Amino acid sequence: MTTQLPTNRPPATRHPRRRRPAVLRATALTLSATLVLAGCAATGTSASSGTSDGVASGGADSAGTAGWTSAGVTEEIAEATHYDADDTSYTEDEVTEVSLEGTGATATGVDADTVSVAAGGEAVLTISGSGTYRLSGDFQGTVVVASGAEDAVQVILDGAAITSSTGSALRVDSADEVTLLLAEGSANSLTDAETYEDASEDAADAALYSRADLTIAGSGSLAVEGNHLDAIHGNDGLVIDGASVTVQAADDGIVGKDYVALISGTVAVTAAQDGVKSSNAEESDRGWLTLYGGSLQVSAGDDGVKAESTLTVRDGEVTVTESTEGLEAYAIVVSGGAIDVTSSDDGLNASGELATADSSTEDSTADASADASAEDSGATTEDSAGDAAAGGFPGGGLEAAGGQSITVTGGALTITAEGDGLDSNGSAEVSGGTVVVNGPEGNGNGSIDVAGDFTVTGGTLAAAGSAGMAQGLGEASTQGGLQVTLPEAVEAGTTLVVADAGGAVVATFTTVKSAENLVLSAAGIQDDAEYTVYSTAGSGAGAGVAAGESLDGSATTDGATELATVTAGEYSAGMGGGMGGMGGGMGGPPAGGLDGAPAW
């Protein structure tokens, strides 16, 4: 049986890194062509052909469209990344089935002749075509994608377990982009060697390593064990959508050099060093990380989630259970979702330097548009950072403010830090959402440490911690707030009740560790008005803050101990800062993100 196959998908016109050729695949191929690839050299495969109505290993019985449909990919995401909605679709008659069998494999289907296994050491299965390949079974060796620079490749993992004793389990040496599609209900695994035979400087160093744009998608699961260094390392862009991915790494968990985009799915990372990061520090429009949705859980020995330029959380859940620095980037933007960060040092840390050069792309129009947008919205650059620094030493203490920024416009953010809770070497702004900081108990750090202006114009903020480095709101804040230093530190589990002069409760805050200073800003607090702070031990209230509409009426000052009375809008300062202001600070990143980072 022969069939004329459809053309490849047309070239993308949006994202500049996509280079899909609009060429015809072979027009007459025998679907049942089978290559038996066990124990043979790369050029010594044997093939048998015939005709059949289907392919082996659960192949096609229909030419209808198959694959997985993303519920989260949007036109905006397609423009910002290499990923399109059609990247996970295919027709069954264009699937090449690859049955993995120990150190060999059997390939059946239209592109069977582009699959080979080389012996002479550990087995290496190589895919050299631009089609769709379904891998199933167990393989002891390395799977390599070595396709053309213009090729888009789909690799479906359907119950595949790949283990290497000499290097990476799955390695992409060349392609335009590779989509790793996890078949529905399938459990898949990739495990690399502790020691790699190829230890050269540019050699692969992760269980899943890609030199092309990489997408992990689908409704199956993937467990990646990086015994050597990283678990997943992409040298270009990395997108995760829908998949359930579990990672353990001897070094970094997940790295996407140019960008990391989590659209949906569940990702759990345990790493000895950084958890998830985008590492391109040479190009200002790269090195970004965005959580559009899904769930990300990280336990890391160093930074939990890190980006060199902009780290954005739009929706979904981010939980960092262990880290040195929880979330770290030049610019951190939270516009939605739920974030819970635990760190031994800073919780949120806006630091580092922004690269001065943009990436070279094929689409100069897109670059010009992005540059114009950034210029119109006051994008932060190293030049503007220098201008801010020239303004003097603002509220952050003995450190000149730079262009770094933390911006919170929505969502729920909880930080539990032993170092600074909310730490920006530039500015910070809260205009919406809820921010709770369970800051340090020691006086060497503060729950808030902002070198420039700390502006609060909306939302709810509660930051508790030690008093030695305590910092309040900046001069530009338009929402009322208060700061109180207690006569002595209160214990963990204490509920602090804030009441106005008439005795009405305007907010409550329940500590998770001892605290001596509280900074509170919420819609019900009016500057220049007096407020009294009470403590209630063992109230049974949940940790965190309640203010405004979140007050359920159960909070009362009856039986509580009066601790202090303060005037809203007056802020004391330790070495860490104060009223913001001498020289001010830079605002947040532009509406379109820093240079090429996606809008937030």
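Based on Cα atoms of segment 262-312, Rg over Rh with Rh as the Kirkwood radius reads 0.99. Comparing segment 489-567 with the 2.2 N^0.38 Å rule of thumb, its C-alpha radius of gyration ratio is 0.99 (two decimals).
At q = 0.18 Å⁻¹, work out log10 I(q)/I(0) for segment 114-170 with the Debye formula, treating every Cα as an identical point scatterer and leaving solvent out; two decimals please. Debye output, listed in q order: -0.60.
Given all pairs of different Cα atoms, what value in angstroms does the Kirkwood hydrodynamic radius of segment 416-573 take? Intermediate results must be reported in sequence, preceding the final value.
On the way: mean 1/r = 0.0661 Å⁻¹.
So the Kirkwood estimate lands at 15.1 Å.
Amide H to amide H, with H built 1.01 Å from N, Val437 comes under 5 Å of Ile415, Ala462, Ala463, Ala464, counting only residues 5 or more places away or on other chains.
If each residue of separation counts as 0.36 nm, what is the full-extension length gain between Thr166 and Ala543 once their alpha-carbon separation is subtracted?
Details: separation 377, 0.36 × 377 = 135.72 nm, distance 4.90 nm.
Difference between extended and current length: 130.8 nm.
For segment 235-278, the Kirkwood estimate of hydrodynamic radius, built from reciprocal distances between every pair of different alpha carbons, is 10.5 Å. Other residues lying with their Cβ under 14 Å from the Cβ of Gly294 contribute a combined charge of -2, Lys and Arg counting +1, Asp and Glu -1. Considering segment 456-528, its Cα convex hull presents a mean projected area of 5.1 nm².
Estimated at 0.36 nm per residue, the fully extended path between Ala199 and Asp358 surpasses their Cα-Cα distance by 54.2 nm.
Between Gly472 and Gly578, the built amide H atoms are under 5 Å apart, and every one of these is 5 or more places off in sequence or on another chain.
The distance linking segment 487-553 with segment 222-277 is 40 Å (Cα centroid to Cα centroid, whole angstrom). Potential lengthening of the chain between Ala71 and Thr91 amounts to 5.2 nm, from the contour at 0.36 nm per residue minus the alpha-carbon distance.
Values quoted throughout were computed directly from the atomic coordinates according to the rules given, and no laboratory measurement underlies them. Computed from a predicted structure; not experimentally measured. Methodologically, a virtual Cβ is constructed for each residue, glycine included, from the backbone with ideal geometry; neighbour enumeration extends over all protein chains shown.
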